[in-house]
Amino acid sequence: MRNRIDETLHAALTRNWEERLAKNYLDALQKSEESVPAYINDVFQRVDAKGTALVTYVAMMIAGLGICAPLVAKHPYEEAIVIAQISAFLLIAIGCLRCLSVFGRPGVAPGAKETLQQLERELIIRQELYRICHRAAIIFTLTAFISMPVMLLWQPEL
C-alpha cells in the first residue's frame, strides 16, 4: 500500500519534468549546489533557521490564543479582537513560510550572472520579509500580552 502511494506521489510531483531531470536528479542537485557560492548558501541557511524558529513561535501563539479565547472573550468585540490577533499571526506564518520556500528546481540552469542576480533578489526578499515578520510578531505578541488581561478583567454588558 505504501509503495503504491509513494509511486503515485512521485508521478504527480514529477509529471512535468523532462525524463533526464528525473533520472539525474542527484547530479542536478549537486551541480545546483556547486554553482552557488558557499557564503550565499550560508546566508540562506541562516534565514531558513531563523524563519523556522519564527514560524514555530507563531504557531505556538496561534495555539495559545485559540486556547485562551473561550476563557477571556465574553463579548463579540473581544472575540473579534482575538480573531484579528490570530489572523495577524497567520499572515506572519505565511511570510515565514515564504522565507523557507524553494526558489527553483534542480536542472534549471541559467547563466552564472543570471543565477547570482536571482540569488541576490531571493536573498533580499527572504531577509527583508523575515525582518518584517519578526517585528510584526513582536508587536502582535505585545498586543496579545496587553489585551488578554484587559479582556479577562473587563466585564462588558451583553
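The values are calculated or read from the model by the stated rules, or taken from the named source; none is laboratory data. From a predicted model like this one, the values you see are computed outputs, not experimental measurements. Reconstructed Cβ throughout: ideal geometry from the backbone, glycine too, with neighbour counts over all protein chains shown.
Things to note:
- Whichever residue in region 14-58 is part of a helix (DSSP H, G or I) and either of a type in the set (Asp, Glu) or at positive phi (or both) and, among such residues, is surrounded by the most Cβ atoms within 10 Å (Cβ to Cβ): Asp48
- The residue of region 10-43 that is modelled with the highest pLDDT, among those that are of a type in the set (D, E, K, R) and within 23 Å of the chain's Cα centre (by Cα), is Asp42.
- Within region 65-82, the set of residues being surrounded by fewer than 18 Cβ atoms within 10 Å (Cβ to Cβ) and either closer than 14 Å to Thr141 by Cα or touching a residue at least 12 places away in the same chain (Cβ under 8 Å) (or both) comprises Gly66, Cys68, Leu71, Lys74, His75, Tyr77.
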